[in-house]
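Encoded as structure tokens, the structure appears first; notes follow it.
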Amino acid sequence: MGLLSSVFKKNVSEEPPKPVAAPQKTDVAKKAETTTKEVKPVVDKITLGYTHLSGCTGCTVALADNYGGLLTLLDKYVDLKYMPTLADVRHIQQVDVAIVEGSVCIQDKLAVEEIKETRAKAAVVVALGGCAAYGNITRFARGGQQNQPQHESYLPIGDLIKVDVLIPGCAPTPEMIRNVAVMAYLLLKGTKEQKDLATAYLKPLMTMAAGCNAACACDIMTSVINQGLCMGCGSCAAACPVRAITMEFGKPNLNRDLCIKCGACVAQCPRGFFNTDVISEYEAINEAIMAALQ
């Protein structure tokens, strides 16, 4: 103990306690100035809703495949109000634009109520993909519960409500969905010049929505090939998601047993559906879309 005490006393005596620095005064104003966050201008966004009915969710996947473009849309132009997969809010709200994916099962009371509520609460209703536009493969579907094995009836949404814009395809391309979203914003919030461009772009899709609620490869045969209008470009064959159309000797050959009635070929054919407003303004429209996504 004597040895330990002597060592302890020696260490204490050799290392005197260090003086404690006086606390510095804090400049509250300066600290507040350095912690102020950057305030970004708020863009006048359009409100968007997404109603999902009977479908395979392929259109939702196509929407998500925009990656950075989708994030730019949500950051600058679109306020997503409700969507089953990308938003916590699922009930239908009042919006500027409502996108509808899937067809309507008329034996499903909730589905019928949802599509009617979507129409009542949206200024613009967009039918996204072949199921919403034409019924697609759901026209051949057998649904319902196992204890109710009756044939269920699936209809395109245009059979129950008025549709303003149609985006064809099974599924539509991500770029098509993105472009329609940008043009919808410019139509509602843009300058007069931008609204004119948006009208030129959306006019064919509006005309298709007002036309009919059924389309298949047979329409290419009756309205284009049989009329001597086919130029053998192969656009219909390239657009078909199930390869029901093949090019034989420079002309489309249709396999009716494979056709799912999605209408992709009808929308893609330049001779079956042609609009000079888009062609003449193609460069200006493309520049407007690219500038919006910067």
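Derivation of every value follows stated rules applied to the coordinates shown; laboratory data play no part. These figures come from a predicted structure and were not determined experimentally. Ideal geometry is used to build each Cβ from the backbone, glycine not excepted, and the neighbour counts take in all protein chains shown.
For the pair Glu113 and Leu293 in one chain, pulling the backbone fully straight at 0.36 nm per residue adds 61.2 nm over the alpha carbon distance.
The protection proxy used here, the mean number of other Cβ atoms lying within 10 Å of each residue, ranks peptides 73-86, 255-268 as follows, highest first: 255-268, 73-86. For a modelled paramagnetic label at Val278, 7 Å from Cα along Cα-to-Cβ, the residues of segment 199-215 in reach, with backbone nitrogen under 15 Å, are 199-211. Under the simplified labelling scheme, the Asn253-Cys56 pair shows an inter-label distance of 2.4 nm, with each label point 7 Å from Cα along Cα→Cβ. Among the listed pairs Lys76/Lys109; Lys76/Lys261; Lys116/Lys203, a Cα-Cα separation exceeding 30 Å is found for Lys76/Lys109; Lys76/Lys261.
Please report the spacing between the Cα centers of segment 101-144 and segment 211-236 in Å, no decimals. Answer, in whole Å: 26.
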